[in-house]
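Notes follow once the structure below has been shown.
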Amino acid sequence: EAYVVPRIRGAILDELRGSLPLTRDQRAFVRSVADARQSFAGREGRMPDERELAAELGVSLARYRHQVDRMHATA
């Protein structure tokens, strides 16, 4: 049981990850965008536009747009 349970759990997680359309890096980007959006909104009292969101993430607007385009192409 000590061996089988972690193996089954791992197999289930591997299968779930394989069925997701986004890569691990893309999922991390989605989480960072959500965190940045929430942080900005809490501080400024409104949702950021894409320039403000890129600045909150510490990336250029071009890099932000490139990441978003990659995600849309994958999904």
Under the Karplus curve 6.51 cos²θ - 1.76 cosθ + 1.60, θ = phi - 60°, whole-Hz ³J(HN,Hα) for segment 34-40, x wherever Gly or Pro sits: 4, 5, 5, 4, 5, 4, 4
With every protein chain kept in the model, how would you rank R37, R51 by accessible area, 1.4 Å probe, largest at the top? R51, R37
With a 1.4 Å probe and all protein chains kept in place, how much accessible area does R63 have, in Å² rounded to the nearest 10? 120 Å²
Cut-off 10 angstrom, C-alpha nodes, Gaussian network model of the chain. Which of D35, D14, D25 fluctuates the most? D14
Suppose only helical runs count, i.e. DSSP H with n ≥ 4. What mean residue ellipticity at 222 nm does that imply for the chain under -39500 (n - 2.57) per run, divided by all residues and rounded to the nearest 500 deg cm²/dmol? -25500 deg cm²/dmol
Give the shape of the chain as rounded, prolate or oblate, defined through the alpha-carbon gyration tensor: a ≥ b ≥ c are the square roots of its eigenvalues, a/c under 1.5 means rounded, and otherwise the shape is prolate if a/b is larger than b/c and oblate if not. prolate
In whole Hz and in residue order, list the ³J(HN,Hα) couplings for segment 14-24 that follow from phi through the Karplus curve 6.51 cos²θ - 1.76 cosθ + 1.60, θ = phi - 60°; x for Gly and Pro. 4, 5, 5, 4, x, 8, 7, x, 9, 6, 4
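The values are calculated or read from the model by the stated rules, or taken from the named source; none is laboratory data. No experiment lies behind these values; they were computed from the predicted model shown. In case anyone asks, the SASA skips ligands and DNA or RNA and just uses the protein heavy atoms, side chains included. Shrake-Rupley method; radii C 1.70, N 1.55, O 1.52, S 1.80 Å.
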